[in-house]
Amino acid sequence: MSAPADLRLRGTGLRVTKPRMAVLEVLDEAQTGHDHLTVAVVADRARARLGTVSTQAVYDCLGALTTAGLVRRIEPAGHPALFETRVDDNHHHLVCRGCGLTTDVDCVAGAAPCLEPSRRDGFLVDEAEVIFWGLCPDCTTVSDPSERPS
């Protein structure tokens, strides 16, 4: 179990504010279900906690939390950015082409970067980010794309 949000914020040198606490707690709760949330969903859930918070404040919180290493941002091509609090490893993601469901998948081969490029061009590689694309079980059973869950 992760440390409380306020301790994690302080531990990275970030000021503890109500919006930052709410955003981090929303993402923590989503992570227990392995959910990856868009800014819009984070903002809605943070508003439910705080009563009011601007979308810009949520963007600012997510930016600060990502920079501090408390939150991970992933950007599957053609989809809005998604946020999660699973930051302690170098895992990858499965993304459904039908409904956009995004799930975690552990590294394919051990510790970070867990994959090695065919050439490095002088780079010191410390992370590999892989997105696997396909259809989730719900979308696989639907033959008409217009009937897929969204």
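The values are calculated or read from the model by the stated rules, or taken from the named source; none is laboratory data. All values reported here derive from a predicted model rather than from experimental measurement. Positions of Cβ are generated from backbone atoms using ideal geometry, with glycine treated the same way; all protein chains shown enter the neighbour counts.
Some observations on this one:
- The listed residues are ALA112, ALA81, ALA30, and the only one of them that is modelled with pLDDT under 90, touching an Asp or Glu at 6+ places or on another chain (Cβ under 8 Å) and among the small types (Gly, Ala, Ser) turns out to be ALA112.
- Among the candidates VAL58, VAL53, VAL71, residue that is in contact with a helix residue (DSSP H, G or I) (Cβ under 8 Å, 6 or more places away or on another chain), within 25 Å of ASP106 (Cβ to Cβ) and among the β-branched types (Val, Ile, Thr): VAL71
- Of the residues ARG49, ARG10, ARG86, the single one that is part of a loop (DSSP other than H, G, I, E, B) and not polar (S, T, N, Q) is ARG86.
- Put simply, of ARG45, ARG20, ARG8 the only residue that is at pLDDT below 95 and either buried (at least 19 other Cβ atoms within 10 Å of the Cβ) or out of contact with any Gly (no Cβ under 6 Å at 6 or more places or on another chain) (or both) is ARG8.
- Test for VAL71: is it buried (at least 16 other Cβ atoms within 10 Å of the Cβ), assigned by TED's automatic domain parsing to the domain that holds VAL26 and in contact (Cβ under 8 Å) with a residue 12 or more places away in the chain: yes
- So GLY122, is it buried (at least 16 other Cβ atoms within 10 Å of the Cβ), out of contact with any Leu (no Cβ under 6 Å at 6 or more places or on another chain) and outside any strand (DSSP E or B): no
Condition check ((1) on the phi > 0 side of the Ramachandran plot; (2) touching a residue at least 40 places away in the same chain (Cβ under 8 Å); (3) part of a loop (DSSP other than H, G, I, E, B); (4) assigned by TED's automatic domain parsing to the domain that holds THR12) across all residues:
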| position | (1), (2), (3), (4) |
| --- | --- |
| ALA64 | no, yes, no, yes |
| LEU94 | no, yes, no, no |
| CYS99 | no, yes, yes, no |
| ALA128 | no, no, yes, no |
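- Failed item, numbered, when ARG49 is tested on (1) within 19 Å of ARG86 (Cα to Cα); (2) out of contact with any Phe, Trp or Tyr (no Cβ under 7 Å at 6 or more places or on another chain): (1)
- Checking each residue in region 25-63 for being touching a Ser or Thr at 6+ places or on another chain (Cβ under 8 Å) and of a type outside the set (A, V, I, L, M, F, W, C) picks out ASP28, GLN31, HIS34, HIS36.
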